[in-house]
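Notes for the one structure printed next.
The values are calculated or read from the model by the stated rules, or taken from the named source; none is laboratory data. Computed from a predicted model, the values in this text were never measured in an experiment. Neighbour counts are summed over all protein chains in view; Cβ atoms, including those assigned to glycine, are modelled from backbone coordinates with ideal geometry.
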Amino acid sequence: GAVVSQHPSWVICKSGTSVKIECRSLDFQATTMFWYRQFPKQSLMLMATSNEGSKATYEQGVEKDKFLINHASLTLSTLTVTSAHPEDSSFYICSARDSGGRGGDTQYFGPGTRLTVL
Amino acid sequence: DAKTTQPPSMDCAEGRAANLPCNHSTISGNEYVYWYRQIHSQGPQYIIHGLKNNETNEMASLIITEDRKSSTLILPHATLRDTAVYYCIVRVWGQAGTALIFGKGTTLSVSS
């Protein structure tokens, strides 16, 4: 299947700082990427949809000024958690939609980024 | 997207077939059935998808009932590494901006 990478795989930061997470589709181009958040023992929750070259669409209850998303190329989307607080500690997972070729209309997921805010 | 219903947990002995059911009684004609799994602390892994015909790949088989209201994911020879949460999701094909929405899934525990 197609490969999606995330960097970093884990990060620990102090409260009030900003953290950037990168999501890359390694062997396909993705016009659409998605960002999810997962708290312990819960399922994945969709945060936002990122479209290359345009503004992201945020799910209800997700603060767009706090979670900045940039999708500047067909292979890279970034999520920046601004002024992070302990309640932002979570597992952040990105996904890229492979709209062509082998996978058809399939979403492939990155390995996730564990964010801990102290 | 149509909702799905899965049992919260299942057990399976190593080497045996694991049959994971999913009900999607409100599925519409243009919605596909997707299966993903998530091993602890990793991102979800795509397994298989189908519309109405049974599908098989190197990981699993997908059996969809004729009325498409339910499906079964079959792992033919489960191993300990198949222990994971399995998600059944229905979604319209080709909707560029539509993300997969995850329910609670089935936690499959494979034991020796």
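Numbers for the structure displayed
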quantity	calculated
Checking residue B:59 against (1) out of contact with any Asp or Glu (no Cβ under 6 Å at 6 or more places or on another chain); (2) under 20 Å from residue B:8 (Cα atoms), the condition it does not meet	(2)
Single residue of the stretch B:54-87 satisfying the filter (outside any strand (DSSP E or B) and within 14 Å of chain A (Cβ to nearest Cβ)) that is surrounded by the most Cβ atoms within 10 Å (Cβ to Cβ)	B:60
Count of residues meeting criterion [of a type outside the set (Lys, Arg) and surrounded by fewer than 18 Cβ atoms within 10 Å (Cβ to Cβ)] in the stretch B:16-41	12
Strands (runs of 3 or more DSSP E) contained entirely in the stretch A:1-79, each with at least 2 residues that are among the charged types (D, E, K, R) and touching a residue at least 12 places away in the same chain (Cβ under 8 Å)	A:19-25
Answer residue from the stretch B:103-112, given it is surrounded by fewer than 21 Cβ atoms within 10 Å (Cβ to Cβ) and facing chain A (nearest Cβ under 8 Å) and is nearest to residue B:27 (Cα to Cα) among those	B:103
The stretch A:95-118, residues that are modelled with pLDDT of 95 or more, buried (at least 19 other Cβ atoms within 10 Å of the Cβ) and more than 8 Å from chain B (Cβ to nearest Cβ)	A:113, A:115, A:117
Which listed residue, of A:90, A:25, is over 24 Å from residue B:48 (Cβ atoms), more than 12 Å from chain B (Cβ to nearest Cβ) and within 14 Å of the chain's Cα centre (by Cα)	A:90
Single unsatisfied condition, residue A:87 versus (1) surrounded by 13 or more Cβ atoms within 10 Å (Cβ to Cβ); (2) not in a loop (DSSP other than H, G, I, E, B)	(1)
Selection within the stretch B:85-112 - at positive phi and touching a residue at least 12 places away in the same chain (Cβ under 8 Å)	B:105
